[in-house]
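Here's the structure, in structure tokens; my notes come after.
Just so it is clear, none of the values below were taken in a lab; they were calculated from the coordinates. These figures come from a predicted structure and were not determined experimentally. Cβ sites come from the backbone with ideal geometry, for glycine too, and all protein chains shown count toward neighbours.
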Amino acid sequence: MPLSKVLFDSTIELHLDIERTGAEARATIIELLKNLEKELIAKVADGVTDWSKARIAKQLSEADAVIRQYYDDAAGIARDTTTSVAQVSASATATSLSAAVGGQVAISVIPTATYLETLAGNTIIQGAVQADWWDRQAGDVAFKFQSAVRQGLVAAETTPQIVKRVRDVMDLSRRNAEALVHTSVQSVANATREKLFEDNTDVISGKEWSSALDRRTCPTCGALDGKRWATDSKPTNHSMAYRAPPNHWRCRCSCIPVLRTWAELGINMDELPDGTRASMEGQVTDKTFEDWLKRKTETDPTFADRALGKGRAELFRDGKITMDQMISGGKPLTLNELKAKYEKPILSQMKNDAYEIAKSGGRNKGFFNQWDKQKKGKIEKSIKSLSTQVDIHNEKIDNPKNHINKPISDHELNYLVTIYWPKEIRNFKQQIDILEGILGERHHVKK
Ligand SMILES: [Zn+2]
């Protein structure tokens, strides 16, 4: 069966939105690593050439700890982003599958929040899980920073020369981090979609490779474009083995589900109302990003300006920048914006079940174990104080200037308001969720 227009168009749109959310996460992590660079340079600039051997050893081991701390933060942001991306991908894919069959076939229940949280952490990204990659990048930076300082000292360089070495190390570290975030986000999004495909083999017969968003000169992906595989990944009329996208670092390819025929689905098209039939029969023959954008613009004239930024969309229409330049510079989308867009109708049904996750040994399991043994009164007291903390932090976000008593840059302020405090609030809310879950369970058992 030719590709359903609904499925093609919604897949590309989701993919683009996830790309934009990835860009937002990358920007945040880059900002973080720039702060790390500042700290490291401040260390070195403080008279490194006059240091004694003992002082050097001490400073380097301190630097090591600082690097690990920053990378832990970066890994946390990436983990939060990919978990949300998994939820949105699951919800959006189920919604579009259901739309493609005009609601005539039930789409299987989407995976639970617990499952998706684990999936985000366990997805293999170019050979390793994301936590291992972050560990490795932290180790790399620590090693290269040490080498830069030691090499500079051995060569009797001046402080500015050593500072330059450190800057080079950090430039590379940011590029590596960017590639990791980009590829993690796409790997998790695709792994989630594959799971949905596997769970809905009664509706779809396979998947088709799409390089619509990745038309840079990549020979492997170019050859895969338009190829199909059955849901069990057996090739259809060709011999290229299936490997889930992304195929390489920074790859933007994805797979579009291929619907079963109406007969296979047990749907008699003639019996359906005209409107439903028309949208279900809609097939796509123009499968490039340009075609998609043109279709999208017909129904939503300002879409490109909103999603990609006005200036860039204009340059693209005039043929002055490539698609890759346009997409990479597209307007970043925050996690909240992404969720709000795809919230209806399924995502809102998905409970953000921190309790279930912690109980099954996932995130916050330590917290769960510690509180599971506590007395009811103590737990209730803790819920109260956590709720107060949530209020305090919401106040901070509303009136940040009232809570900061030293001059900080706009970037730092932005980090506090958009990343750090919201993260604190999320943590408090998760803990409340867990504590309430513990109390709820006890109540249940007594009955
Ligand atoms: Zn690719």
* Gained length - ASP274 relative to ASP171, 0.36 nm times residue gap less alpha-carbon distance -> 31.3 nm
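Could you tell me whether the chain comes out rounded, prolate or oblate from its Cα gyration tensor? Rule is a ≥ b ≥ c as square roots of the eigenvalues, rounded for a/c under 1.5, then prolate if a/b exceeds b/c, otherwise oblate.
Cα axes put the chain in the oblate bin.
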* Structure fact -> Quick calc: nm separation of the 7 Å Cα→Cβ label points for ALA156 and ARG250 -> 4.1
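For a protection proxy built on the mean count of beta-carbon atoms within 10 angstrom, sort 7-18, 162-173 highest first, please.
Numbers: 7-18: 22.9, 162-173: 17.5.
Highest-to-lowest ranking by the protection proxy: 7-18, 162-173.
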* Asked: Add -39500 (n - 2.57) for each DSSP H run of 4 or more in the chain, then divide by its residues: what number comes out at 222 nm, to the nearest 500 deg cm²/dmol?
  -> -21500 deg cm²/dmol
* Asked: From the Cα gyration tensor of the stretch 354-446, with a ≥ b ≥ c the square roots of its eigenvalues, which class applies: rounded if a/c is under 1.5, or else prolate if a/b is larger than b/c, or else oblate?
  -> prolate
* Taking the Cα-to-Cβ direction at HIS403 and at ARG442 and moving 7 Å from each Cα, how far apart do the two end points lie in nm? -> 3.0
* Asked: Given +1 on the Cβ of Lys and Arg, -1 on the Cβ of Asp and Glu, and no further charges, what dipole in debye does the stretch 39-167 carry about its Cα centre, rounded to the nearest 20?
  -> 460
* Cα lying deepest toward the dipole's positive end in the chain, options GLY22, TRP371, ALA57, charges on Cβ -> ALA57
* Asked: Using 1/(1 + (r/R0)^6) with R0 = 41 angstrom and r between the beta carbons of LYS320 and GLU39, what's the FRET efficiency to the nearest 0.05?
  -> 0.55
* Asked: Among all the lysines, which ones have a C-alpha under 18 Å from LYS227's C-alpha, if same-chain residues fewer than 8 places away are not counted?
  -> LYS5, LYS207, LYS287
* For the stretch 354-446, compute the number of Lys pairs whose alpha carbons are separated by less than 14 Å, excluding pairs fewer than 8 positions apart on the same chain. => 6
* Report, in debye and to the nearest 20, how large the dipole of the stretch 354-446 comes out about its Cα centre when Lys and Arg carry +1 and Asp and Glu carry -1 on their Cβ. => 520
* Kyte-Doolittle mean at least -1.0 and Cα extent at least 20 Å along the axis: which DSSP H helices of the chain qualify? -> 5-45, 53-100, 130-154, 159-199, 376-398, 421-446
* Asked: Projected onto the charge dipole of the chain (+1 at Lys/Arg Cβ, -1 at Asp/Glu Cβ, origin at the Cα centre), which of ALA354, GLN146, THR285 gives the Cα projection farthest towards the positive end?
  -> GLN146
* Structure fact -> Going from the fewest other Cβ atoms within 10 Å to the most, one would list SER4, SER382, SER205, SER239 as SER239, SER382, SER205, SER4
* Structure fact -> For the stretch 222-330, shape from the Cα gyration tensor axes a ≥ b ≥ c, cut at a/c of 1.5 then a/b versus b/c, turns out oblate
* Based on Cβ point charges of +1 for Lys and Arg and -1 for Asp and Glu, what charge dipole magnitude is obtained for the chain about its Cα centre, in debye rounded to the nearest 20? -> 1260
